[in-house]
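All remarks here apply to the structure that follows.
Here, each number is a calculation from the coordinates, and none is a lab measurement. This structure is a prediction, so every number in the text was calculated from the model and none was measured. Neighbour counts are summed over all protein chains in view; Cβ atoms, including those assigned to glycine, are modelled from backbone coordinates with ideal geometry.
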Amino acid sequence: MVRMYANENFPQGVVQLLRGYGHDVLTVLEAGNANVGISDADVLAFAIANQRVVITLNRRDFIQLHMHFQNSHQEHFGIIVCTQDSDIVGQAENIHLAISTAEDIFNRLLRVNRRQV
């Protein structure tokens, strides 16, 4: 089980399926941070303060944040960047598989792409 913080752009259907896999997923909306213009850095700071892995579709910005943290020797609890995918079941399965097979997510960036058909 992984504690995650789903960024504002992350699909609610995938959140529900990840919860079905036993993951503890808190959304930006549930945390009271939706529609208030919170920056990506603030999303990551909230996740760190709450010991959660960020999960997002905002790949470019969170990859840059991860690199900034690596270069400045700061730590986070993990970042999972996903591609947009209309197959929510497949996306949830891919995320769960990536988490399950990773040795450790702490301070790592996981990239989860949609399935190739």
Quote the FRET efficiency, to the nearest 0.05, computed for ASP104 versus MET67 with a Förster distance R0 of 22 Å and r equal to the Cβ-Cβ distance. 0.75
Name the GluC sites (Glu not before Pro) in the stretch 71-117 that are in a loop by DSSP and that have at most 15 other C-beta atoms within 10 Å, would you? GLU75, GLU103
When the Debye formula is applied to the Cα atoms of the chain, each taken as the same point scatterer, what base-10 log of I(q)/I(0) results at q = 0.11, 0.15, 0.21 Å⁻¹? -0.31, -0.59, -1.21
The set of residues whose placed amide H lies less than 5 Å from the amide H of VAL53, leaving out same-chain residues fewer than 5 positions away, is ARG3, MET4, TYR5
The farthest towards the positive end of the charge dipole of the chain, of the residues VAL14, ILE79, THR101, given +1 on Cβ of Lys and Arg and -1 on Cβ of Asp and Glu, is THR101
Under the Karplus relation 6.51 cos²θ - 1.76 cosθ + 1.60, θ = phi - 60°, what is the ordered set of whole-Hz ³J(HN,Hα) values for the stretch 77-89, x standing for Gly and Pro? 8, x, 9, 10, 9, 10, 7, 4, 8, 6, 8, 5, 5
